Each structure stands twice: as structure tokens, then as C-alpha cells.
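J.: Quick one: the structure is below, and I'll ask about it shortly.
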Amino acid sequence: MADSDLVLTYRRRTVTRRDLAAIEAFIAEDPTQSRRALSQKVCRAWNWVRANGTLCDMVCRSLLLVLERGGQLKLPPPRQRMANPLAQRRCPPRVEVDATPIRASLAALGPLVYLSVRRTPYEPLFNSLIAHHHYLGYTQPVGAHLKYLVLAGERPVGALSFSSPARHLRPRDRFLGWSDQAREHNVHRIAYNPRFLIPPWVEVPHLASHLLGAIARRLPGDWKQAYGDELLFLETFVDAERYRGTCYRAANWIVLGETTGRGHRAPNQKKTRSIKQVLGYPLARHYREALGAVAS
């Protein structure tokens, strides 16, 4: 492919002038179609699917918007203006739970039940626990994500979530030693742990590290079933001004470094937020080689 044929590369998808002409032809076939219908049509034509066979229509819609903003094409008018749930975020409603203190040994808790609760009747309980008891509150994850509740009997004793990772994270990228090309090719094989909560009424020594270890063993299978991707590595942030990350270290997570405190959109070199420790957890023995590989 000549450089003159390349329009752009977006999320590992190369768009050529021939691709652009095909999109314009789809639009011309039905100028009144919705943008969702157009993105699905493009995905089918390109066989642009996730590992589990579902269409990448949300990513495709973002690509179409980038092309329109760049002046490469004119999309059909939007059918409706959807409110931005992140800009107009509401706190999840409180779900009442039994907050009687639990003070016991890990063994005395009895068997723990691990529930993947996304899109289940338990999800409002997960959202409420995070919203009202985690110091960061609740934020709806974007992209691929899973949520877990851990129950002792019928009472929640833990809540964890995992989601798509940041595409650029200097301590992680330096630790893995991968190239820019390898990162673009394999970043979807990493999951980020944005929230981990032990409810404040639960006082059980070693519970947090125990849950981290158990979820790390279960998560790859659940993620594979939900998204078709094989996870190889986990990452998280710990606010170094608040916590030491003891439970993560006890669960054999590795300290990869620290953030700069500037954020990815900081306009200058000044610190705009607290310093975070970056920790990682390998899920496979040869994770470096696999994450560093690029398909020929």
C-alpha cells in the first residue's frame, strides 16, 4: 500500500482511500440510515469483529466520527442526541444492606461465593457499595468490563471491578519493554482494576489479599467468555498519599513505578492530582514474550 493511499490508522484499524470510498457508497445507498446501522454495515463488510465474534460497532462509530471531523466524509445526521452519561453522572441509588460488623478470621467466614454481577440483579448492589463506601465513588466503566461481588453467606464482603486499561502508561510500558506496535497489538490483553472495596463493617485479617488472589484465578476465564480475549496481565493504581498497597503486595502484585501526578491531558508540567503507585500482576508465565509479540 502506497503512503498516498493511507487515510489514517485508528485503534489498530488501517483506513485506506478505497475503504473511505466504500463507506461513502454505503452512505449513498441509504442517506437516511442511522449511524448505528452504518457502523454495523461497515463492520460486516470489513469483518471487523472481536475475538468472540461480536461486531466492533462502537469502535467503528468512533472511527466514523473521527473521519467526519477530519473532513474525509459526511455522515448521516444523528437520529437523536443522547445525553452523555459520564458528563451527567448520577450517583447510583443506595441499596440497603446489613451493616452489622463482621469481625472474624478468614477461616471462620466459611466458603466465599464469587459472583460476576454485570447485567444481573446483583449489579445495583455492587454499584451502591462502590458509590457509598469507596473513597473514589462510582464511575461507570467504559469499554470491556466485569464486576464482582464476594458473598459470605448472603452478606457482601468484597467488591471488585476490572475494565479496559489505559493505552499509554509509562511505568507499565517500561516494565513490559514492549514496542509501540506491540502495545497497540496487545493492550486489549491487559485488564485494569479501577475499584476494590472491603465494606467498612468487615474486619477480617488477610481477606483483601485472599480475594485478589481468588479473582485473579477466575477473571481470565470470565473475560475470555465475555470478550474472547486471553488476558495476560492485570494493573491497578494505589493512591500513595492514602494507602501503601499492602494487600496487593501480599497477593504478589508487583510495584511497577509511580505516575507523575499530571494526568494525560495536563497542559503543563505541574502536578494536578495525587501520585499513584502502579502495580501489575502477570497471569501467565511467558507474559512478556506474548505481550511483546506482533503478528506478521
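The values are calculated or read from the model by the stated rules, or taken from the named source; none is laboratory data. Everything quoted here is computed from the prediction, not taken from an experiment. Glycine gets a Cβ as well: all are built from the backbone with ideal geometry, and neighbour counts include every protein chain shown.
J.: If you take the residues in region 51-99 that are among the small types (G, A, S), more than 28 Å from W223 (Cβ to Cβ) and exposed (fewer than 12 other Cβ atoms within 10 Å of the Cβ), which one is modelled with the lowest pLDDT?
T.: Restricting attention to region 51-99, the residues satisfying the condition of being among the small types (G, A, S) are 51, 53, 62, 70-71, 83, 87, 99.
Checking which are more than 28 Å from W223 (Cβ to Cβ) leaves us with 70-71, 83, 87, 99.
Filter again for exposed (fewer than 12 other Cβ atoms within 10 Å of the Cβ), leaving 70-71, 83, 87.
Numbers: G70: 83, G71: 84, A83: 52, A87: 46.
Ranking the qualifying residues of region 51-99, first place goes to A87.
J.: From the set of residues in region 32-59 that are among the hydrophobic types (A, V, I, L, M, F, W, C) and touching a residue at least 24 places away in the same chain (Cβ under 8 Å), which is nearest to Q225 (Cα to Cα)? Even if it seems obvious, please write down each step before you answer.
T.: Kept after step one, since they are among the hydrophobic types (A, V, I, L, M, F, W, C), are these residues of region 32-59: 37-38, 42-43, 45-46, 48-49, 51, 55-56, 58-59.
Those left that are additionally touching a residue at least 24 places away in the same chain (Cβ under 8 Å): 38, 46, 48, 51, 59.
Details: L38: 27, W46: 23, W48: 19, A51: 10, V59: 20 Å.
Ranking the candidates gives A51 first.
J.: What tally of residues in region 92-115 results from selecting those that are out of contact with any strand residue (DSSP E or B) (no Cβ under 6 Å at 6 or more places or on another chain) and closer than 27 Å to R189 by Cβ?
T.: Looking only at that region, the number is 0.
J.: Same structure, new question: So T139 clears everything in (1) under 24 Å from L232 (Cα atoms); (2) within 13 Å of the chain's Cα centre (by Cα) except one condition, right? Which one?
T.: Looking at each condition in turn, T139 falls short on (1).
J.: Working carefully through the options L151, L169, find the one that is modelled with pLDDT under 95 and hydrophobic (A, V, I, L, M, F, W, C).
T.: Working: L151 fails: modelled with pLDDT under 95.
None of the other options fit; the residue is L169.
J.: Within region 103-142, restricting attention to residues that are basic (K, R) and in contact (Cβ under 8 Å) with a residue 12 or more places away in the chain, which residue is surrounded by the most Cβ atoms within 10 Å (Cβ to Cβ)? Give the derivation first.
T.: Going through region 103-142, the residues basic (K, R) turn out to be 103, 118-119.
Filter once more, so that each one left must be in contact (Cβ under 8 Å) with a residue 12 or more places away in the chain: 103, 118.
Working: R103: 10, R118: 16.
That would be R118.
J.: If you check A191, A182, A208, which single one turns out to be of a type in the set (A, V, I, L, M, F, W, C), in contact with a helix residue (DSSP H, G or I) (Cβ under 9 Å, 6 or more places away or on another chain), farther than 21 Å from Q140 by Cα and free of Cβ contacts under 8 Å to residues at least 60 places away in the same chain?
T.: Values: A191 fails: farther than 21 Å from Q140 by Cα; A182 fails: free of Cβ contacts under 8 Å to residues at least 60 places away in the same chain.
Matching residue, one of A191, A182, A208: A208.
J.: Looking at region 5-59 only, could you name the residues that are closer than 23 Å to D180 by Cβ and either of a type in the set (S, T, N, Q) or touching a Cys at 6+ places or on another chain (Cβ under 7 Å) (or both)?
T.: Initially, region 5-59 is screened for residues closer than 23 Å to D180 by Cβ, giving 5-16, 19, 48, 50-51, 56, 59.
Residues satisfying the conditions are T9, T14, T16, W48, R50, C56.
J.: Within region 154-166, which residues are surrounded by fewer than 17 Cβ atoms within 10 Å (Cβ to Cβ) and at pLDDT 95 or above?
T.: If the condition is that a residue be surrounded by fewer than 17 Cβ atoms within 10 Å (Cβ to Cβ) and at pLDDT 95 or above, then R155 is the only one that fits.
J.: At least 3 residues that are more than 29 Å from the chain's Cα centre (by Cα) and more than 28 Å from P199 (Cβ to Cβ) in each: list the helices (runs of 4 or more DSSP H) lying fully within region 7-122 that qualify. Walk me through how you get there before you give the answer.
T.: Working: elements: 17-29, 35-46, 57-69.
Correct list: 17-29.
J.: Are any residues in region 25-50 charged (D, E, K, R) and exposed (fewer than 14 other Cβ atoms within 10 Å of the Cβ), and if so, which ones? Quick ask: steps written out before the conclusion?
T.: Taking region 25-50 first, the residues charged (D, E, K, R) are 29-30, 35-36, 41, 44, 50.
Residues satisfying the conditions are E29, D30, R44.
J.: Moving on to the next point. Among the residues of region 235-252, are any farther than 25 Å from L112 by Cβ, at pLDDT 95 or above and of a type outside the set (S, T, N, Q)?
T.: First, pick out the residues of region 235-252 that are farther than 25 Å from L112 by Cβ: 237, 239-242.
Those left that are additionally at pLDDT 95 or above: 237.
Still in the list and also of a type outside the set (S, T, N, Q): 237.
Scanning region 235-252 turns up at least one residue that is farther than 25 Å from L112 by Cβ, at pLDDT 95 or above and of a type outside the set (S, T, N, Q).
J.: Can you confirm whether L197 is closer than 18 Å to R285 by Cα, surrounded by 17 or more Cβ atoms within 10 Å (Cβ to Cβ), of a type in the set (A, V, I, L, M) and assigned by TED's automatic domain parsing to the domain that holds L125? Steps first, answer last, please.
T.: On the way: closer than 18 Å to R285 by Cα: no; surrounded by 17 or more Cβ atoms within 10 Å (Cβ to Cβ): yes; of a type in the set (A, V, I, L, M): yes; assigned by TED's automatic domain parsing to the domain that holds L125: yes.
When the stated conditions are applied, L197 does not pass them.
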